[in-house]
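Only one structure is covered here, and it is reproduced in the block below.
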Amino acid sequence: MTTATTLAAAVRRGEATASDAVGEALARIAATRGTLNAFTAVVADRARGRAAALDRRLAAGEDPGPLAGVPFAVKNLFDVAGVVTTAGSRINRDRPPAGEDAVLIRRLEAAGAVLVGSLHMGEYAYDFTGENVHDGPCRNPHDPGRMSGGSSSGAGAAVGGGLVPIALGSDTNGSIRVPASLCGAFGLKPTYGRLPRTGTYPFCDSLDHVGPLAATVGDLALAYDALQGFDAGDPACARRAREPAGPTLAAGLEGIRIARAGGFFAADDYPLARAAVDRVCAALAVSREEPLPGAAAGRAAAYLVTNAEGAALHGRHLRERVDDFDPDTRDRFLAGALLPASWYLRAQAARRAWREEMAELFRRTDLLVAPCTPCPAPPLGTRTLELAGRRELLRPNLGLFTQPFSCIGLPALSVPLWLPGETLPIGVQLVTAPWREDLCLRAAQVLADAGVAEARPGVV
């Protein structure tokens, strides 16, 4: 599939039309619906109408923007006018259709992109597998017998499978980065508060992030730059000026202090995750390791905060419609409802300590390299995972390495790697200090230019 950057340039030069680009995307979506199950709603008429309008503007000599004619899709917790925002649940299907688009949809369309539909997700974003009991599993584009990852399952599958070059997801504990890792896409979780969540269905307010997935670093930067800016509809959105990252992609990493995340992130028990980190560190000439002693406590804090805040949000539904939840989601919310207040307060204290530890680290380090998922995509239906010699539940532990960074709102980017002899991708995280997404993207571009990180077309 043509990249967003190339496609938009061709449309703006008159060498291609937005209508053709959208028509081809809709055909790809239709052809894979029965195999990938990446979409929950396709807005074909809307997309064709907008594409035709863009073509008319181009014919009249107007420039519709840097994403002219680029098809994109959004996780089904983003409001799409006329579509019910189910957030992957049965309960939300009783809601009326959304009255208007989410802010980030409007921003991408203002830049010329064309929305083609809503994407599969884990129920209420509380999932790392992509297996939804209400909508069926979203399948991995590189092996339909394997998981896509979640909870932005459809976003990972749609981008990794070449259905659309750009998708929007959300990330509370790793829900952009996990499917990016398993499906072989680039996925960016920006700094907490960087992008507004206005018009999205919440999960855990103090941890919820939104961000893009894309097939190339350039496309990721193009989308990210179009998404930036303050919006008063999200109380957590920072009042910061836009800081475009695209113009810095070619700046390289000279003078940037890079370290490997050790300790909790050593991945000694996960050979493919470790091999992927080794390869990235070799490409970036990383020789120093940081132990990060607070990471395990940060991960535990994220888990407890997620349980407590998620349960509070869904308290009425737990009382009145408990049987309409996915049993796994229900049990985790019920556990959160039973957490003592003292545990939540201790989790917040651990979170503060972990944030302070990382703030100190970023005085001597600019960029961290860490594993993203402990393994490539497991087979559908897998329930457990071998973790440090113990058999643990898979569903909560695919985000083992992503949760600590979400917990304190750090920007993190998953880059896809294909290790020698392997048929499935696995991601590596690039993590920086708050508001330095540009460094994540620059490092990703270095890895892409070196042939270390790449998104390959899915086999489906």
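Taking Thr373, is it among the polar types (S, T, N, Q) and either without any contact (Cβ under 8 Å) to a residue 24 or more places away in the chain or in contact with a Ser or Thr (Cβ under 6 Å, 6 or more places away or on another chain) (or both)? Against the criterion (among the polar types (S, T, N, Q) and either without any contact (Cβ under 8 Å) to a residue 24 or more places away in the chain or in contact with a Ser or Thr (Cβ under 6 Å, 6 or more places away or on another chain) (or both)), Thr373 qualifies.
When the range 11-23 is filtered for residues that are surrounded by fewer than 17 Cβ atoms within 10 Å (Cβ to Cβ) and either in contact (Cβ under 8 Å) with a residue 12 or more places away in the chain or in contact with a helix residue (DSSP H, G or I) (Cβ under 8 Å, 6 or more places away or on another chain) (or both), the ones remaining, listed by number, are Gly14, Gly23. Tyr224 meets all of the listed conditions (1) surrounded by 20 or more Cβ atoms within 10 Å (Cβ to Cβ); (2) farther than 30 Å from Pro66 by Cα; (3) hydroxyl-bearing (Ser, Thr, Tyr) but one, namely (2).
Report every pair of residues separated by at least 6 positions or lying on different chains whose Cβ atoms are under 7 Å apart, first residue within the range 431-460 and more than 27 Å from Met147 (Cβ to Cβ) and modelled with pLDDT of 95 or more, second of a type in the set (S, T, N, Q) and buried (at least 18 other Cβ atoms within 10 Å of the Cβ). Once the first residue is more than 27 Å from Met147 (Cβ to Cβ) and modelled with pLDDT of 95 or more and sits in the range 431-460, its partners that are of a type in the set (S, T, N, Q) and buried (at least 18 other Cβ atoms within 10 Å of the Cβ) give Pro434/Thr191; Trp435/Thr191; Glu437/Thr191; Leu439/Thr432. Among the residues making up the range 94-106, those that are touching a residue at least 24 places away in the same chain (Cβ under 8 Å) and either out of contact with any Pro (no Cβ under 9 Å at 6 or more places or on another chain) or part of a loop (DSSP other than H, G, I, E, B) (or both) are Ala98, Glu100, Asp101, Ala102, Ile105.
Leu36 satisfies every condition listed in (1) in contact with a helix residue (DSSP H, G or I) (Cβ under 6 Å, 6 or more places away or on another chain); (2) surrounded by fewer than 18 Cβ atoms within 10 Å (Cβ to Cβ); (3) in contact (Cβ under 8 Å) with a residue 60 or more places away in the chain except (2). Would the range 110-120 turn up any residue that is out of contact with any Ser or Thr (no Cβ under 6 Å at 6 or more places or on another chain), touching a residue at least 12 places away in the same chain (Cβ under 8 Å) and within 25 Å of Asn397 (Cα to Cα)? Yes, the range 110-120 contains a residue that is out of contact with any Ser or Thr (no Cβ under 6 Å at 6 or more places or on another chain), touching a residue at least 12 places away in the same chain (Cβ under 8 Å) and within 25 Å of Asn397 (Cα to Cα). From the list Ala350, Ala359, the lone residue that is modelled with pLDDT of 95 or more and surrounded by 17 or more Cβ atoms within 10 Å (Cβ to Cβ) is Ala350.
The values are calculated or read from the model by the stated rules, or taken from the named source; none is laboratory data. Just so we're clear, the structure is a prediction, and the values are computed from it rather than from any experiment. Neighbour counts are summed over all protein chains in view; Cβ atoms, including those assigned to glycine, are modelled from backbone coordinates with ideal geometry.
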